[in-house]
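Here is the structure we will look at.
The values are calculated or read from the model by the stated rules, or taken from the named source; none is laboratory data. The structure presented is a predicted model; accordingly, all values stated were derived computationally and were not measured. For neighbour counting, all protein chains shown are included, and Cβ atoms are generated from backbone atoms with ideal geometry for every residue, glycine included. Ligands, DNA and RNA are excluded from the accessible area calculation, which covers all protein heavy atoms including side chains. Shrake-Rupley method; radii C 1.70, N 1.55, O 1.52, S 1.80 Å.
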Amino acid sequence: MASTSKDNVQASTSGQGNPADDLEPGACPESVLNPSDSFEEFASEMSSSLQERNINLKSKSSTISEIQSEICDGNKDNTEITSTKSSDDLQSKDDQMSALASSCNLSNQNGEDSDNEKDDYLQSPELVNKEKHVFVLSSAGKPIYSRYGNEDRLAGLCGVIQALVSVVEDQNQDILRSIITKDCKAVFLVKGPLILVAVSKSNESETQLVLQLTYAFNQIVSVLTLTQLNRIFEQRRNYDLRRLLSGAERLIDNLFIFMEKDPAFLLGAVRCLPLPEKARENITNAITTTCHKIRDLVFAILIAGNQLITLVRMKKYTLHPSDIHLLFNLVRSSESFKTAESWTPICLPKFDATGFLHGHVSYISEDCQACLLLLTVQRDAFFPLSQAKHTIAEKLRRSNCLVAINDALNRNQELPTTNPLKHIGIPEIRHFMYKCKSTAQLFTSDPISLDRLQDYRIRHKEGGDVSEKKIEKLSDIDYVRNYRKFCSKIHCTSSPAKLIFRSNSDDTVLAWVTNGFELYVTFDALMEKDQAIKAVDRLLRWIKREEQRIFIMNAPTF
Amino acid sequence: MKVIEAKIVVLGSQGVGKTSLVVRYIGKMFSKHISPTIGASFFTCNISVGDARVKLQVWDTAGQERFRSMAPMYYRNANAALLVFDITSVSSFNAIKGWVKELQSNVSEEMVVSLVGNKCDLQESRAVTYAEASSYAASIGAKYCETSALHDQNIEQVFLSTATALLALSATNQTMRSYDSADDERQNGSPTEEQATGKVELPAWNTDNIAHGELQRNMCC
Ligand SMILES: Nc1nc2c(ncn2[C@@H]2O[C@H](COP(=O)(O)OP(=O)(O)OP(=O)(O)O)[C@@H](O)[C@H]2O)c(=O)[nH]1
Ligand SMILES: [Mg+2]
């Protein structure tokens, strides 16, 4: 891993000498995605007080029932749900907590207490030396999910975690956020009736880990709804949630693999499948013309390989990137969608955590691995949607859109977006990732091939060990790992950096955030700043030139 | 030619082999890598019984507990049910009794119910005896059949006997669409025609448009 040399870090807030100030590749007046920044949200999550937290979980209105009543009543104005902001100082609580740090050790290595059977299990190869553990337990201390090992045998550990959390709450009227030891961070998130914990040896920041835990919570909400989750534990505090989550563990497993590897999560943005402007337009038209008469349809989403092809929506409603990520994860984790048309309840936590949408999910055709999701509030809509799907598929085939999708998916070498670095022609650039903030969309120079992620069919119980060996050639995943610390400096709530330039004998990294975008670039070692900025200017102009292909530049409705 | 349209729902615990059964029958194959069903999957198939034809809509439901509360959506208006358990799992057999109760109290129309003990290739780990299962089936007025999706045993028979029973039922049951189709062949040729005629309960269902699982079946096994 590249070392950080503090002296070389130059943070500038003035933005003087920045090139292309007016360039915002990918920006458009209206966005299909809700661009609200996850980091701000999580910062407020992190700094909310105990009382605020309890209030927040109750006051949720239901978008789904709103749509349902609207379909019946005709149009009416609706009020927006506003998110809470808190200015509490995070740092002071962190300091208190680090005092606890030395006393917590996952594997109880100090060995002063008598070694009983449970402690032996914590030392077993299934659990030792993992880069990141994730535990989910109920607020009564019952194990619900562990990324590695067997939850049944982790009851002891979960008891300890629950005790830690409740001691801080009850005795200090405070929230346990993290415990930091020399080589390890334990981050805690209490959400509703659940306690989520990440114990990590990776270079991910505390905020990034909280973000991941929140995703895991949302994944659970996505299969149960918040209403059901809360009700279950109100009725029986001791309920064993594993019964209801059985089969959904793999969704959480896969989600963590994703989050560690795909920069989309790091930046809270969605990657689009690069397509010729005309092809995307045709696809969108095929959907809108087929679906505009289906009244209860809220979203029609076409995705392929964790990339968005198009999203058509009911007027007034947009989707949050994190809901789309959960849909990506669901589709990616569910081979069964390939067998037949499916009809399934899906809760999108940011859209409406309290209820299910009903989804018609199917692949476009045997010869095109794009998956169409038609999400409605109407539970009897399967047949009209099934009909619509077949009409859409036929239209796409006739207008050659399936070919265009396949070309992009198979990374046809003739497309400029397949190997952008070659096309841009700046040899010093090794890798870049760009996020357009206003549309929450992302583009990177070397999209992570899904094949390089783990096998999604098996439960991920092996692997994930901390690896010591230095890899010769960096892969895109390693670049993204490298960007993490720059990303957290840029998103730091107390003193966010606008421009970071760090050059050493391994490589040169430039991270730059403006009102319109975030850009992370890795150059060859020992680049001069001037040179790097010139290159970035050319890079931005290239992205601008290709923006219609790379991004979704409109916000179609039915 | 007499044609009836019927809806069949496949119910049972997680992992008993519901999807494997349906895919074996409709897709004529077995895959070790079938992954758990999410929500429910929709298949269609045509079964010829004598000189009549049964057009079946098959709802293969997910056995995962979290989808349990969705079940009424799938069995509502069903004309037949396959209740599937795994002969090596007592708990999957016990779960059948819950399904039977639920169907009895929630479905008013008469239904063709079949009990299916799947994975009969795993004799050495059998946990539910044939006698017990078949006497339970008799007690609820259901046919009992043991199948193996892996070895393709008895699966044709399950669907065929269901189709035969559905034909008999259609004489008295109003909810099943039943028609005499001299021009059926022409319909196959022009997929939009059936859609244009419209249907009472299944507004857009058209077998010619379904991408997966469309297969003509003959009475031979
Ligand atoms: N030995 C044996 N295994 C079978 C048979 N049928 C299915 N299986 C296996 O049982 C497992 C589950 O099969 P599925 O068809 O997915 O079961 P399901 O009932 O559809 O499961 P859910 O969709 O989760 O409710 C798979 O690993 C199949 O390979 C069978 O007849 N014999
Ligand atoms: Mg199944």
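A few notes on this one:
- Of B:124, B:109, the order by accessible heavy-atom surface (1.4 Å probe, DNA, RNA and ligands excluded), from most exposed downward, is B:124, B:109.
- Scaled against 2.2 N^0.38 Å for its residue count N, the alpha carbon radius of gyration of segment A:271-414 is 0.98.
- Counted by Cβ distance under 13 Å from residue A:287, the other residues give a net charge of +3, where Lys and Arg count +1 and Asp and Glu count -1.
- For segment B:72-129 and segment A:123-190, distance of Cα centres in Å: 40 Å
- The magnitude of the dipole of segment A:145-243, with charges of +1 and -1 set on the Cβ of Lys/Arg and Asp/Glu and taken from the Cα centre, is near 260 debye.
- Net length gained if the chain between residue B:91 and residue B:1 were fully extended (0.36 nm per residue, minus Cα distance): 28.0 nm
- Accessible area in the full protein assembly, largest first, 1.4 Å probe, for A:421, A:373: A:421, A:373
- Buried accessible surface for the A/B chain pair comes to about 2800 Å², total over both chains, computed with a 1.4 Å probe.
- Solvent exposure, largest accessible area first (probe 1.4 Å, DNA, RNA and ligands not counted), of B:129, B:88, A:310: B:129, B:88, A:310
- Label-point gap, in nm, between residue A:514 and residue A:231 - each point 7 angstrom along Cα→Cβ: 5.0 nm
- Measuring with a 1.4 angstrom probe and ignoring ligands and nucleic acids, residue A:225 comes out at about 10 Å² accessible.
- Rounded to 0.05, the FRET efficiency of the residue A:150 and residue A:173 pair, given R0 = 41 Å and the Cβ-Cβ distance, is 0.70.
- Loop trypsin sites (Lys or Arg not before Pro), segment B:1-84, which have at most 15 other Cβ atoms in a 10 Å radius of their Cβ (DSSP): B:28, B:32, B:76
- Label-point separation, residue A:335 to residue B:106 (7 Å along Cα→Cβ), nm: 2.9 nm
- Segment A:271-414, accessible surface, carbon-and-sulfur percent (1.4 angstrom probe): 48 percent
- Area accessible to solvent at residue A:126, 1.4 Å probe radius, in Å²: 90 Å²
- Cα-projected label distance for residue A:183 with residue B:161, points at 7 Å along beta-carbon direction, nm: 6.3 nm
- Note on residue A:240 and residue A:123: with the Förster distance fixed at 25 Å, the Cβ-Cβ geometry gives a FRET efficiency of about 0.45.
- Spatial separation of Cα centroids for segment B:1-62 and segment A:377-411, in angstrom: 23 Å
- Accessible area of residue B:130 (1.4 Å probe, protein heavy atoms only, ligands and nucleic acids ignored): about 120 Å².
- Leading residue at positive end of dipole, segment A:194-261 (Cβ point charges), from A:195, A:210, A:224: A:224
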